[in-house]
Amino acid sequence: MKLIFKSSKELSEGPFSAGSLRRRPSAAGFVRVGPAAVAGGRNSGRPLVGRRGAGARGRAEPEPAVAGGRGLARAVAAAAGAGPRWQDRGRQLQLGAPWCAAAARPQEEPEAPVAPADRTDPSGPEPPPPVGPRRGAGWPAMGSLFRSETMCLAQLFLQSGTAYECLSALGEKGLVQFRDLNQNVSSFQRKFVGEVKRCEELERILAYLVQEINRADIPLPEGETSPPAPPLKQVLEMQEQLQKLEVELREVTKNKEKLRKNLLELIEYTHMLRVTKTFVKRNVEFEPTYEEFPPLENDSLLDYSCMQRLGAKLGFVSGLINQGKVEAFEKMLWRVCKGYTIVTYAELDEPLEDPETGEVIKWYVFLISFWGEQIGHKVKKICDCYHCHVYPYPNTAEERKEIQEGLNTRIQDLYTVLHKTEDYLRQVLCKAAESVYSHVIQVKKMKAIYHMLNMCSFDVTNKCLIAEVWCPEADLHELRRALEEGSRESGATIPSFMNTIPTKETPPTLIRTNKFTEGFQNIVDAYGVGSYREVNPALFTIITFPFLFAVMFGDFGHGFVMFLFALLLVLNENHPRLNQSQEIMRMFFNGRYILLLMGLFSVYTGLIYNDCFSKSVNLFGSGWSVSAMYSSSHTPAEQKKMGLWNDSVVRHNRVLQLDPSIPGVFQGPYPLGIDPIWNLATNRLTFLNSFKMKMSVILGIIHMTFGVILGIFNHLHFRKKFNIYLVSVPELLFMLCIFGYLIFMIVYKWLVYSAETSRVAPSILIEFINMFLFPASETNGLYSGQGHVQRLLLAVTALSVPVLFLGKPLFLLWLHNGRSCFGVSRSGYTLVRKDSEEEVSLLGSQDIEEGNNQIEDGYREMMCEEFNFGEILMTQVIHSIEYCLGCISNTASYLRLWALSLAHAQLSDVLWTMLVRVGLRVDTTYGVLLLLPVIALFAVLTIFILLIMEGLSAFLHAIRLHWVEFQNKFYVGAGTKFVPFSFRLLSSKFSDDVA
């Protein structure tokens, strides 16, 4: 491969000179990557070095420095665009009908409940999964992420006088999920609809109080602890207090609005009198002006003096109008009154508040002079149409003066009364703000309790409420304790109690998480809530998700910045401002532990790639020595024959190649990650692409194979051993015989072929293609007997396909016909007839157990009637085709690890080259002044482009790899989430309460 130095001075004095590139003691590292071992090919392990400006003379280059650019682009585009088909979440068939455990009586030892299976499968005889733990198994660990919690259906018997207190205790603990026993009853016909309406009325009052408190800019204190639901005897008292407070506030607010409106009208009247005082002086100027007009025009423009001489009645209308309506108002007056009006305008100096809307706008004062009563009526109607504020106009100066004095007195009185009203209103609101938080929480809890009570049913005597709830088996003792606590608080003589009951329904899925695992569980649940008791991918996603992200985002510097940001969020997670931040910041805060692991793994992969802001770090010294390639003691012919350099070669060749076969050139792999010399080589991309592409394929195949293995744990747990033999084993054979063998060839070539023998190393791509084409001429191959091994693997692959297609349907058909209505006593199944030892051994000793005769004959017959072989066969064939094709497309989909890693490295290199390198090349006079903004711009672009945009891209691709390529191998995701009746789920924010 090729390595370029800028000049011979850099070759002799740079960090990779003869003195600096000496072998150092090998340190222990996580991964050792040898250039020759990874890249493969004839010249793949040979960096090429050279100088600028020299001619292209000398020996021919084995490979061009940047050859294959278009091919690389096509490969990256193909890798980014290739993707598998989305697989149906219902690929995993669950046969048989749901079964349940026997009810646990208070005086008896409770039996192990039984899990229902999915009833959508028509195959019938396949046994369902158990609800409870297996026989002899202990209780599951609390908070286990491997599987969901074991659930049971419990029946609560609540006395009418204690039901409210019992549900209040259950809501505080958040233990159970209620089932609606009144689904056929409308919400308006339920028992406690009156209490729910009362709570809604209280919510309306509280919403009004919160709105008025916010309008008055009074802070709303929120308590540190949530108050309990109010006792029933205090509800009426609280309702009366809130209603009285509402009535008082509405009266005070109404009076305040009236006072404010009157005050604004008086202020407008004062401004109108002040402005129109100057309009009357124009009556003297009108007469000579109108006498200049022709006689016909003077008839329509009679001035004040002319009208007085004619004895006409002159009227005035004055007021204020909005600035935007002045032009239209004037045109309307002219057209309707036919010019028999005189309109005078003047703009107010300051904007005033509109008494009706409260909006501060610009106003114009107008004075309209008209002649005749009919014209006056038209003018007043037009003023009403344009929402003008019309006020009486004084006829004399004395009347104007009296009105102004009266207005000033009334304005002062209104100011005094209004201030006292506002002070009183603020006192009432401040007192209400002290208790509004507790009232809001209490009303919400009370409403939630009555909603749950509406889901209960009454017994025949109407003295006891019956509720059915889903509850984790590990919390049954807490459930009993909560019922006892509620009965004790109500003072009832007859306590409430509970029983576990059998069920044929699938329980909801409950996976306990903490603040660390919650984010990873949300990633899995976004694809689909797991089916009951199936393997949960979140346990493995905690490691695999940030690791695959880091493979695409591998940079020590960028990962360290992300790690510091996440660490800052983790250390300040209790800060109140973070909990009340905006939506985007809250999103980062909720995923702080995901970001923490993503940054930490990116630091690790950055060390493996030896990439820190697109530059390599020489910590342990390079394993390549340039001085070993230079010799002055040999003749030119010997130097040419041995491939050594001399002064002439260095001077006249732009690109020089390091030959690892020459003793002393390659002294061993770099202790940790990739050798830093590759950062200077022109064929760096060729080497890194080969390494990252093979690494992506290896990681992808291991990831998918692990998913198939996890499916075996599901079959074992649900007692479906035939799925292991007829589905999982053929899938593993198909995967390993083709793609597992590909990994073997990659690793074998890395280990067997060294730098000296890399010239004769065969191409893995050609060998893998020949495995399916059966060429006529035998190739050298990677090892002896390769053809026989490959034929054997293809034979195993070909045999696994028909087993995968037909094995399960034929087995179920045989089970249905030859063992019609065959019962197994596993957790509720019954052995109907005695079977031969061969049949028992075929299904396995754990699949058939005697001793439980709880199954009903009618239900067995229904199972037999629902069996549909054609549907089962078609479903299995579709899923098998999808799996076989998906193995190919999914493997290609993992090449996105290589493509995004390449894109991230190239973007980082472009930013460094265009910004930092330019700033560092400026001389010392202006370098300091230029370097600071350059570094600032580099930091901003690094954060927004490389950390946020590239990080988001890698995050989405990592989600895709987990949802499609990994989870569809074993994860059905067809369950329902366990949503407990818990007061902690109620919002305590006042913004949610105001309509």
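Every number here is computed from the coordinates shown, using simple stated rules; none is lab data. This structure is a prediction, so every number in the text was calculated from the model and none was measured. Reconstructed Cβ throughout: ideal geometry from the backbone, glycine too, with neighbour counts over all protein chains shown.
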I need the phi-derived Karplus couplings for the range 407-412: 6.51 cos²θ - 1.76 cosθ + 1.60, θ = phi - 60°, integer Hz, Gly and Pro marked x. 5, 4, 5, 5, 5, 5
Quick check: Cα centre of the range 317-364 to Cα centre of the range 476-497, how many Å? 73 Å
Pop out the ³J(HN,Hα) list for the range 331-348 in order, Karplus 6.51 cos²θ - 1.76 cosθ + 1.60 with θ = phi - 60°, rounded to Hz; leave Gly and Pro as x. 5, 5, 4, 5, 6, 7, 8, 6, x, 8, 9, 10, 10, 10, 10, 7, 7, 6
If amide H atoms are modeled at 1.01 Å from N in the peptide plane, then the residues at a separation of 5 or more from residue 363, or on another chain, having amide H under 5 Å from its own are 348, 352
Need the list of lysines near residue 444 for cross-linking: C-alpha distance under 18 angstrom, and skip anything on the same chain fewer than eight residues off. 173, 197, 233, 989
Please list, in order along the range 531-539, the HN-Hα scalar couplings obtained from phi with the Karplus expression 6.51 cos²θ - 1.76 cosθ + 1.60 (θ = phi - 60°), rounded to whole Hz, x for Gly and Pro. 5, 4, 6, 8, 4, 9, x, 4, 4
Candidate lysines - alpha carbon under 23 Å from residue 338, same-chain residues fewer than 8 apart omitted: 313, 325, 378, 380, 381
Long-range amide H partners of residue 655 with built H, under 5 Å: 51
Would you please give the residues with an amide H less than 5 Å from that of residue 468, counting only those at least 5 places away or on a separate chain, with H modeled from the backbone geometry? 156, 179
May I ask for the net charge around residue 394, where only other residues with Cβ less than 9 Å from the Cβ of residue 394 are counted and Lys, Arg are +1 while Asp, Glu are -1? -1
